[in-house]
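Report on one structure; see the data block that follows.
Here, each number is a calculation from the coordinates, and none is a lab measurement. All figures in this text were calculated on a predicted structure; none of them were measured in a lab. Neighbour counts are summed over all protein chains in view; Cβ atoms, including those assigned to glycine, are modelled from backbone coordinates with ideal geometry.
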Amino acid sequence: MKFYDIRNDGKYLDLWSLNHFLSGIVYAGWMFEWGFSLWFVFISYFIFAVVWELYELYAGIFEHLENKTMDIVTGVVGFFLLYSTDIFNIKNLWVITIVYIILELYCYTDYQLRGKYQCSSNIPPSHKASEGQASTLR
């Protein structure tokens with residue numbers, strides 16, 4: 001991962017890691033707001049995060065295993081940050097949710113405009129797109 005282009009896949013972290021971190025905060029915040037218990041929220045978020053990474057694998061989106069693992073870890077860290085601090089209130093939750101949605105839209109739009117990450121320097125040669133074809137890498 002190059003500091004000046006964190007949009008490309010990093011071996012551990014990239015711009016998408018911020019989305020995963022915020023997803024843990026947003027998911028936990030709204031679930032707690034709606035009255036769900038800590039264990040239900042944690043287990044359901046963890047399952048959701050793992051299933052999402054499996055979906056990316058199924059969809060042919062190449063990421064390093066370390067990056068997939070860190071995507072789950074950063075989401076769980078966001079979850080526990082919300083749970084263990086006093087930042088939780090409905091106003092903060094709305095602000096974080098809006099920031100999360102804007103960042104998701106930015107990252108997805110950037111992902112589409114850049115040809116599905118065909119320029120990532122971390123792609124093994126066997127995963128690079130053939131000439132004239134867009135890669136499905138994120």
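Extension gain Thr69-Tyr55, at 0.36 nm per residue separation less the Cα-Cα distance, in nm? Please report the intermediate quantities before stating the final value.
Values: separation 14, 0.36 × 14 = 5.04 nm, distance 1.38 nm.
This chain segment gains 3.7 nm when fully extended.
Sorted by mean Cβ packing within 10 Å, highest first, what order do the peptides 17-25, 94-102 take?
Put in order of decreasing packing, that is 17-25, 94-102.
Just grab the label-to-label distance for Lys11 and Tyr106, each label 7 Å out from Cα along the Cβ direction, in nm (one decimal).
For the pair Lys11/Tyr106, the computed spacing is 2.7 nm.
P(r) for the stretch 15-124, please, calculated from all Cα pair distances in 10 Å bins and given in %.
Spelled out bin by bin, the stretch 15-124 gives 14, 43, 31, 12, 1 percent.
What is the extension gain from Val99 to Ser44, computed as 0.36 nm multiplied by their sequence separation minus the C-alpha to C-alpha distance, in nm to one decimal?
Numbers: separation 55, 0.36 × 55 = 19.80 nm, distance 2.26 nm.
The Val99-Ser44 span can extend by a further 17.5 nm.
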